[in-house]
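FYI, it's all coordinate maths here, none of it is from the lab. All figures in this text were calculated on a predicted structure; none of them were measured in a lab. FYI the Cβ positions are ideal-geometry reconstructions off the backbone, even for glycines, and counts take in every protein chain you see.
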């Protein structure tokens with residue numbers, strides 16, 4: 001597979017993705033596409049000035065045709081949380097508030113991507129990524145579609161547990177599954193600190209200490225994006241690094257296990273679970289162990305995603321690669337590729 005990665009939508013998140021791709025040496029060629037061609041050109045030019053200090057990489061702007069031959073395309077186009085009004089901690093919809101606005105954008109951009117890069121794995125970054133991945137799968141008419149899933153949530157989970165315990169995050173084994181959103185499920189039952197169960201690793205009064213830790217960590221993780229947006233306007237750098245890891249796993253056929261989201265036959269929806277990621281996207285899904293409460297919470301998260309997907313897909317579009325959704329005339333004529341997550 002070609003060592004070429006496309007980034008569609010070069011707003012705050014798209015720029016962070018592209019920069020992380022360059023710094024990590026994720027691919028030999030990075031192509032930036034945006035509805036504002038001058039923005040893509042400016043970003044590519046700025047990045048090229050730093051490229052001599054990285055692994056060999058060609059960073060350039062382009063149009064849809066320049067996505068040809070890409071092994072992976074990161075889709076970052078759409079309305080972000082700040083501009084879409086998805087920053088209310090008390091709103092149970094969370095990122096799902098953005099679904100209607102970003103659905104219309106995806107109906108435009110996905111067919112354009114597929115027309116030029118039919119063999120690429122499509123990685124949905126735009127919020128809410130999981131139902132938008134269901135839509136992308138229907139529009140693309142293939143199964144090489146991932147969303148970033150709960151990869152960033154899992155990292156946030158590990159970072160905040162590590163901070164509570166005073167250890168490095170690499171020592172924490174922990175996982176978040178389900179929706180990348182308010183119904184996500186943190187699997188506390190399987191948290192380990194370098195193989196040691198959390199209850200044994202924590203200082204203090206056992207269960208009471210864990211309850212306090214859990215309350216603090218879950219608050220940080222569930223609303224990390226809002227906290228960041230309140231201070232900086234966009235949550236971009238963490239997800240940028242995550243997207244670079246996912247994209248390079250695809251183009252290198254790395255077979256690394258990540259909690260990305262892909263369509264799961266068992267649940268009839270795109271949902272995040274540990275997934276073997278490689279050249280064809282999702283190669284295999286793993287089902288982590290869960291407590292009874294965690295399983296109930298996960299099933300509820302699946303139901304939330306299934307309802308969201310049902311609301312944006314046309315009748316029959318939930319069929320796999322045989323689906324043939326119809327674009328509106330207005331969408332077919334549009335050249336929009338908004339540049340924010």
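Quick look at the numbers
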{"item": "Average Cα contact separation per residue, the range 212-318, under 8 Å, 6 or more apart, as relative contact order %", "result": "16"}
{"item": "Length released on extending from residue 228 to residue 93, taking residue separation times 0.36 nm less the Cα-Cα span", "result": "46.7 nm"}
{"item": "Convex hull volume per residue in cubic angstrom - Cα atoms of the range 65-163", "result": "118"}
{"item": "Where the Cα pairs of the range 1-77 fall when distances are cut into 10 Å bins, in %", "result": "22, 60, 17"}
{"item": "Angle in degrees between helix 292-312 and the longest Cα principal axis of the chain, rounded to the nearest 10", "result": "20"}
{"item": "Rg(Cα) / (2.2 N^0.38 Å) computed for the range 209-300, rounded to two decimals", "result": "1.30"}
{"item": "Inter-centroid distance (Cα atoms) of the range 232-276 relative to the range 130-174, Å", "result": "6"}
{"item": "Principal-axis tilt of helix 237-251 within the chain, Cα atoms, nearest 10 degrees", "result": "70"}
{"item": "Rotationally averaged projected area of the range 121-218 (alpha carbon convex hull; nm²)", "result": "7.0"}
{"item": "Normalised contact order of the chain, rounded percent, pairs of Cα under 8 Å and 6 or more residues apart", "result": "25"}
{"item": "222 nm mean residue ellipticity, helices alone, for the chain (DSSP H n ≥ 4; -39,500 (n - 2.57); rounded to 500)", "result": "-13000 deg cm²/dmol"}
{"item": "Estimated FRET transfer efficiency (residue 170, residue 46; beta-carbon r; R0 35 Å; 0.05)", "result": "0.65"}
{"item": "Descending Cα extents along the principal axes, the chain, whole Å", "result": "61, 51, 36"}
{"item": "Linear extension gain, residue 291 paired with residue 65, 0.36 nm per residue minus alpha-carbon span", "result": "76.5 nm"}
{"item": "Rounded tilt (10° steps) of 151-165 against the dominant C-alpha axis of the chain", "result": "30"}
{"item": "Modelled FRET efficiency - R0 22 Å, residue 300 with residue 100, Cβ distances, 0.05 increments", "result": "0.50"}
{"item": "Pairwise label distance in nanometres, residue 212 with residue 36, each label 7 Å out on the Cα-Cβ vector", "result": "4.8"}
{"item": "Shape call, the range 104-155: gyration tensor on alpha carbons, a/c limit 1.5", "result": "prolate"}
{"item": "Shape call, the range 165-254: gyration tensor on alpha carbons, a/c limit 1.5", "result": "oblate"}
{"item": "Extension gain, residue 119 back to residue 219 (0.36 nm per residue minus Cα-Cα distance, nm)", "result": "32.0 nm"}
